[in-house]
């Protein structure tokens, strides 16, 4: 599995992430986006795996709200330590955080989970084939794979230096089908995420002095410009926020 770790993801930048996204979070939309991701899925009684749990916030939220077991996996070992240290005491028994093993595999037994989900992470993964086969393996029969991610009007197949991978709906569908998933559904949540981006810009404005003082004015400017660009890409339908839902093909 070839997953890139952006150099910005360091423990020193946790206060920056939380100023941008919210406590224990590292992706756009906050807890509203988590609720939106699972808006039509009954999570009660499920055992879930969080691919790329970041600071642990999504896993904390789902475990507390639904009293479900959530395991999380990351490529960054410091995130495992951070999430374990930050886990609320009342849900410690419901959570387990770990890293990929040396072979890049998910260190859980076959057919361990009812649900595998990933929010805002898989656009960092080039070898989706390898990862998705592992996800298929750890899912139970008829298990669900739920993804919140970005897709593009056109794939960018030339820029290997970028930490992000430009998938289209077609390329995403192809790799999911190839790795044993069926009933693949793409829901376009772009307009909802447009609201999240605008709210983020309002939020970082209130934290402007803190961000500039602790991390530099250039960081604030970069964050602002990146999200202004994102608004433009959404409005011109070059980039789409999607919720992807797929089911494990039990016939394989």
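Of note:
- Taken over region 111-126, the criterion of being surrounded by 21 or more Cβ atoms within 10 Å (Cβ to Cβ) and part of a loop (DSSP other than H, G, I, E, B) is satisfied by 120, 121.
- Picking from residues in region 47-64 that are assigned to a helix (DSSP H, G or I) and out of contact with any strand residue (DSSP E or B) (no Cβ under 9 Å at 6 or more places or on another chain), the one that is farthest from residue 201 (Cα to Cα) is 64.
Residues are listed down the side, and each one gets a yes or a no for (1) without any contact (Cβ under 8 Å) to a residue 40 or more places away in the chain; (2) surrounded by fewer than 21 Cβ atoms within 10 Å (Cβ to Cβ); (3) more than 17 Å from the chain's Cα centre (by Cα):
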{"site": "9", "(1), (2), (3)": "no, yes, no"}
{"site": "21", "(1), (2), (3)": "no, no, no"}
{"site": "48", "(1), (2), (3)": "no, no, no"}
{"site": "56", "(1), (2), (3)": "no, no, no"}
{"site": "59", "(1), (2), (3)": "yes, no, no"}
{"site": "64", "(1), (2), (3)": "yes, yes, yes"}
{"site": "72", "(1), (2), (3)": "yes, no, no"}
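- Per this entry, residue 129 is counted among residues that are within 18 Å of the chain's Cα centre (by Cα) and farther than 24 Å from residue 17 by Cα.
- Boolean, residue 25 is part of a loop (DSSP other than H, G, I, E, B), surrounded by 22 or more Cβ atoms within 10 Å (Cβ to Cβ), at pLDDT 95 or above and touching a helix residue (DSSP H, G or I) at 6+ places or on another chain (Cβ under 9 Å): yes
- Condition broken by residue 82, with the remaining ones in (1) closer than 20 Å to residue 128 by Cα; (2) in a helix (DSSP H, G or I) satisfied: (1)
- Any hit, region 37-46, residues being out of contact with any strand residue (DSSP E or B) (no Cβ under 9 Å at 6 or more places or on another chain), in a helix (DSSP H, G or I), surrounded by fewer than 23 Cβ atoms within 10 Å (Cβ to Cβ) and modelled with pLDDT of 95 or more: no
- From the list 247, 198, the one residue that fits, being at pLDDT 95 or above, touching a strand residue (DSSP E or B) at 6+ places or on another chain (Cβ under 7 Å) and either closer than 22 Å to residue 123 by Cα or surrounded by fewer than 18 Cβ atoms within 10 Å (Cβ to Cβ) (or both), is 247.
- Per the conditions (1) under 30 Å from residue 218 (Cα atoms); (2) modelled with pLDDT of 95 or more, the sole criterion not satisfied by residue 9 is (2).
- Failed item in (1) under 20 Å from residue 121 (Cα atoms); (2) surrounded by 15 or more Cβ atoms within 10 Å (Cβ to Cβ), with residue 180 passing the rest: (1)
- For region 219-244, taking the residues that are in contact (Cβ under 8 Å) with a residue 60 or more places away in the chain and touching a strand residue (DSSP E or B) at 6+ places or on another chain (Cβ under 9 Å), the one that is surrounded by the fewest Cβ atoms within 10 Å (Cβ to Cβ) is identified as 238.
The values are calculated or read from the model by the stated rules, or taken from the named source; none is laboratory data. What you see is a predicted model; the values in this text were computed from it and never measured. Cβ atoms come from the backbone with ideal geometry, glycine included; neighbour counts cover every protein chain shown.
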